[in-house]
Structure formats: C-alpha cells, structure tokens
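Colleague: A single structure is presented below for examination.
The values are calculated or read from the model by the stated rules, or taken from the named source; none is laboratory data. Since the structure is predicted, the reported quantities are computational estimates derived from the model, not experimental observations. Virtual Cβ from ideal backbone geometry, glycine too; neighbours counted across all protein chains shown.
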Amino acid sequence: MIIKEIEAKAILSVSKVYDYVINPYVGCPHGCTYCYARFMKRFTGHKEPWGEFVDVKINASDLLQVEIKKKRKGRVWVSGVCDPYQPLEKKYRLSRRCLEILKEHQWPVVVQTRSPLVLRDLDILQEAPEFEVGFTVTTTDDGIRKLFEPGAPPIKDRLDALNALRRAGIRTYAMIAPMLPGAESLAEALEGKVDHIIVDRMNYNYADWVYRKYSLESKLTDDFFHQTGRELAARCGVLGIECHVVC
C-alpha cells in the first residue's frame, strides 16, 4: 500500500447526490472490483492499481473550518469517492474532525461507509440529530464479498455495526448497491437495523471479469437486477422497512 500525505486545495465540494461532499482521502484499500471511484485515477495521475494507494488530505479539517463559514448551509455526504472510515482513519482522524466541525455548525450529514470504525465516533453522532449513517451492504454471502470486495470488512461486521448504531439512537440506512449475488436475502438480514434501504444495480463494467471468472454471468443480467429489486422491495414491505429501488 502506497500512502502519501497531501495538502488539498479545497474539501467541501458541490455534489450531484447531496448538496456537498467531503472526501478526506483519495483511494481506498478495500479494493472493490466494481468501484466507480476508479475513474479518479484519470485525474490524480496514480499508476498503482486501484486499492493499492491512498492519498491522505492532512489539511481536510483546517480547510473545512474556513470553507464552512463561506458556504450556504446544506446536506453533506461523507464520503462519495472514498470510505471515510477506511483503516487509515484510525490514525489520521480526518473524518472525525470534519464531523466535529459539521456538528458544531449544525449542518445535516449523511455518512456512508463499509467500516465498523464509525462506531468510534458515536459520541459525535449521538449529539447531532441531523446526522445519519449508512453502510454499503451488497450481499449476505461473505464468500461473494471476498470476490468483489476483497479488502472490505466482513458482512457480519457491517450488520453488527448498523445494529449498534440503531440501538444508540442514530438514524441508519443500508445501500444495497450494487446488488451482488446473495443480495436477495438482505431484507431479513437488515430487519430492525435500518430506517430505510436504497437498492441499485451494477452500473459499471469494472467487475465484469469477476462474474466471468466465477461463472456468475447470470447475476449480471437485467433480469437478475429487476427480479432481485422487486423481491427486496416486496420483502421490505412485509417487514415494514422503507425501500427505494433505483434500478
């Protein structure tokens, strides 16, 4: 893993998903084969394979402290093209510092991660009523997780973290995106752990080789995505979970 400390020029960026996005890191060791953020390499100049480098924006919180005073209040996504709680966050605490600033200014925040490390910051999350935390959970099969998300935390750890957050009074959600093989039973796995679920299909071709290598092509079809989306929505309806299917 190649780790480089850098000084960013800005940190609170306009987002197409929410009002703003904060990405304290460039790159991620999770190495998800399907990750859309791979496009970042076109702009950062990294030659290393995706998943083998991380740039640490060591001045992220200093920038936010200045920028937040100059911009109109809005909902902030933490994060869009990195995992804000990837392993390096344990050392650098950039996401934590940014959340502290956002809490102090009473800005609404949507945290999205795959890592139970977010539980470290329960003290901040519990003091910010407009914060919510989401986990990307793409399958119930940890064998499938290892194929597509080799460096990411196990599925059980994510489910346990969601449960702990919900019990602590934090608003939670699950992002089932992309739907991987084994996503069909996620509604039951998420019952009682989330306030709502967002479901989306595989929209990128980066992981096509994984489907081919392990003879999973039938799980990469429109039929699979549409059928699985319908099944998840139906099961969520029965279980009383709000569910939004994008695909």
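Colleague: Give, as residue ranges, the helices (runs of 4 or more DSSP H) completely inside the stretch 185-247 that count at least 2 residues that are under 20 Å from the mean Cα position of the chain (by Cα).
Modeller: Once the helices (runs of 4 or more DSSP H) in the stretch 185-247 are filtered for at least 2 residues that are under 20 Å from the mean Cα position of the chain (by Cα), what remains is 186-190, 222-239.
Colleague: If you don't mind, there's one more thing I want to ask. For the stretch 26-144, which fully contained helices (runs of 4 or more DSSP H) count at least 1 residues that are buried (at least 19 other Cβ atoms within 10 Å of the Cβ) and within 18 Å of the chain's Cα centre (by Cα)? Write out each step before concluding.
Modeller: Working: elements: 41-44, 60-67, 89-92, 94-104, 122-126.
Fully inside the stretch 26-144 and qualifying: 89-92, 94-104, 122-126.
Colleague: Sticking with this structure for a sec: Taking residue 215 as the residue in question, decide whether it is out of contact with any helix residue (DSSP H, G or I) (no Cβ under 9 Å at 6 or more places or on another chain), surrounded by fewer than 20 Cβ atoms within 10 Å (Cβ to Cβ) and hydroxyl-bearing (Ser, Thr, Tyr).
Modeller: On the way: out of contact with any helix residue (DSSP H, G or I) (no Cβ under 9 Å at 6 or more places or on another chain): yes; surrounded by fewer than 20 Cβ atoms within 10 Å (Cβ to Cβ): yes; hydroxyl-bearing (Ser, Thr, Tyr): yes.
Answer is yes for this residue.
Colleague: How many residues does the stretch 166-208 contain that are touching a residue at least 40 places away in the same chain (Cβ under 8 Å), of a type in the set (D, E, K, R) and over 19 Å from residue 223 (Cβ atoms)?
Modeller: 4
Colleague: For residues that are touching a helix residue (DSSP H, G or I) at 6+ places or on another chain (Cβ under 8 Å) and either under 20 Å from residue 152 (Cα atoms) or of a type in the set (D, E, K, R) (or both), tally how many sit in the stretch 56-79.
Modeller: Qualifying residue count, the stretch 56-79: 4.
Colleague: Something else now. Filtering the stretch 221-245 down to residues that are under 13 Å from residue 196 (Cβ atoms) and in contact with a helix residue (DSSP H, G or I) (Cβ under 8 Å, 6 or more places away or on another chain), which residue is surrounded by the fewest Cβ atoms within 10 Å (Cβ to Cβ)?
Modeller: 242
Colleague: Further question: Condition test on residue 5, is it charged (D, E, K, R), in a strand (DSSP E or B) and either over 25 Å from residue 179 (Cα atoms) or modelled with pLDDT under 95 (or both)?
Modeller: Yes, satisfied.
Colleague: List every residue pair whose Cβ atoms lie under 6 Å apart, where the two residues are 6 or more positions apart in sequence or sit on different chains, the first residue falls within the stretch 233-247 and is in contact (Cβ under 8 Å) with a residue 40 or more places away in the chain, and the second residue, located anywhere, is of a type in the set (Phe, Trp, Tyr) and surrounded by 12 or more Cβ atoms within 10 Å (Cβ to Cβ).
Modeller: From residues that are in contact (Cβ under 8 Å) with a residue 40 or more places away in the chain, the pairs are 247/225.
Colleague: Quick test for you: out of 114, 93, pick the one residue that is basic (Lys, Arg) and under 17 Å from residue 162 (Cα atoms).
Modeller: Being basic (Lys, Arg) and under 17 Å from residue 162 (Cα atoms) holds for just one of 114, 93, which is 114.
Colleague: On to the next question. For residues that are surrounded by fewer than 18 Cβ atoms within 10 Å (Cβ to Cβ) and of a type outside the set (D, E, K, R), scanning just the stretch 145-159, find the one that is farthest from residue 209 (Cα to Cα).
Modeller: 154
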